Amino acid sequence: MAENLNLFTSTQNVIKEALTKLGYTEEMYELLKEPLRMFTVRIPVRMDDGSTKVFTGYRAQHNDAAGPTKGGVRFHPEVNEEEVKALSMWMTLKAGIVDLPYGGGKGGIVCDPRQMSMGEVERLSRGYVRAISQIVGPSKDIPAPDVYTNSQIMAWMVDEYSHIREFDSPAFITGKPLVLGGSHGREKATAQGVTICIHEAAKKRGIDIKGARVVIQGFGNAGSFLAKFMHDAGAKVIGISDAYGGLHDPEGLDIDYLLDRRDSFGTITTLFENTITNQELLELDCDILVPAAISNQITEENADNIKASIVVEAANGPTTLEATKILADRGVLLVPDVLASSGGVTVSYFEWVQNNQGYYWTEEEVNAKLHTALVKAFDNIYETAQTRGVNMRLAAYMVGVRKTAEASKFRGWV
Ligand code: GLU
């Protein structure tokens, strides 16, 4: 809990610092320091054994001055109000960084889908949509996948929404299966975005990706596809991990084998005996470290022991603010979460555009558009960091918050 509060207050602190650097008044901070709307819903679900369990769900809408709010829904036992609020603010920043016509939103349900049957997850997903149907919609607030949610869950959700609205409404949610109006490239989009950032960061540091030693914490949607992309690009993925531990091979792990064996929650290390801890994994000798799992992993306790010269945050909030400063002082190039993990929402935007226009693009077209958008975002933030003499996180917040702040100003809200 304290950690989540920390996540929320540290997000507020950096937003405040960014707004001050950009010359905005205190009133702008008052507007942007919290979501405009925060909904809490209770969802009764009939369980397989005949009992009823009531789940708590949230939807936060940070700010819709620049467009409808947009962001994923996570299913996780540790979901809580503070976290959902912070995550909705990060979505505003991501949309600003990539210049998407959205504000930030985020949802979550306190549950453990790993312990639930498919039927129970389906009833919970549909119940959540019924509970929030009034406040979401293709031009209001557009959900998407996040931690432990996937295209099947998006499919149940869009089906429920279309029933309630009595018309086919694919643009209500993104991350859908292709046959329901999903976009090519959406599933791999977060990992693609991280890969683009890694290539750009490596160029800045004169590191050749071929032969570079990469460590990835997490083997879920982002981590697993990323391991594959890095491996295919000729890098040596020497460490990966899941929630239970890590695998290390200085000669490079057999990624194809591991991908083949992982389960749908990204679990892989339970099949092995010689595992290391997640803490040991983060401190491995490597060139590029990618925390792609959960928040608060690089802290002031271990920031001095990180050996990588580039840290790319594929997860949301893996590095604390204290650790950000330590890494910056040590000359480590940190690509912050709001930039590195923005590939997902970028292709979600492409999915929404395709749904609205009813004309669909090829995977090559989607990937080319994603590449253009993220290289531009990376350059913009890197330049801002250089010219304003700030670290990459503050630079990303400055670039990210500007669009919503300007839109709020033009609307006369501040
Ligand atoms: N959940 C992802 C994120 O945090 C994707 C959100 C979206 O596609 O709207 O960026």
In the range 309-336, what count of residues is obtained for those that are more than 18 Å from residue 384 (Cα to Cα), among the charged types (D, E, K, R) and in contact (Cβ under 8 Å) with a residue 40 or more places away in the chain? 0
Filter the range 129-172 down to residues that are of a type outside the set (Val, Ile, Thr), in a loop (DSSP other than H, G, I, E, B) and in contact with a Phe, Trp or Tyr (Cβ under 7 Å, 6 or more places away or on another chain), then give me how many there are. 4
Is it the case, given these coordinates, that residue 3 is surrounded by 24 or more Cβ atoms within 10 Å (Cβ to Cβ) and modelled with pLDDT under 95? no
Exactly one of 207, 216, 238 is surrounded by 24 or more Cβ atoms within 10 Å (Cβ to Cβ) and either touching a Gly at 6+ places or on another chain (Cβ under 6 Å) or within 30 Å of residue 382 (Cβ to Cβ) (or both), and that residue is 216
Any idea which of (1) within 16 Å of the ligand (Cβ to nearest atom); (2) more than 19 Å from residue 53 (Cα to Cα) is the one residue 156 doesn't satisfy? (1)
Here is a check on your reading of the model: is residue 313 over 20 Å from residue 22 (Cβ atoms), among the charged types (D, E, K, R), modelled with pLDDT of 95 or more and crowded, with 24+ Cβ neighbours inside 10 Å? yes
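Here is a yes/no grid of residues against (1) within 16 Å of the ligand (Cβ to nearest atom); (2) closer than 24 Å to residue 51 by Cα:
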position: 105; (1), (2): yes, no
position: 109; (1), (2): yes, yes
position: 121; (1), (2): no, yes
position: 140; (1), (2): yes, no
position: 178; (1), (2): yes, no
If we keep only residues of the range 210-228 that are small (Gly, Ala, Ser) and over 21 Å from the mean Cα position of the chain (by Cα), then the residue farthest from the ligand (Cβ to nearest atom) is 211
How many residues are within 7 Å of the ligand (Cβ to nearest atom) and either more than 24 Å from residue 321 (Cβ to Cβ) or without any contact (Cβ under 8 Å) to a residue 40 or more places away in the chain (or both) when one looks only at the range 337-351? 1
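Looking at the range 188-209, which of its residues are away from the ligand (no atom under 16 Å from the Cβ), outside any helix (DSSP H, G or I) and under 21 Å from residue 367 (Cβ atoms)?
209
The values are calculated or read from the model by the stated rules, or taken from the named source; none is laboratory data. These numbers come from a predicted model, not from an experiment. Positions of Cβ are backbone-derived with ideal geometry, glycine not excepted, and every protein chain shown enters the neighbour counts.
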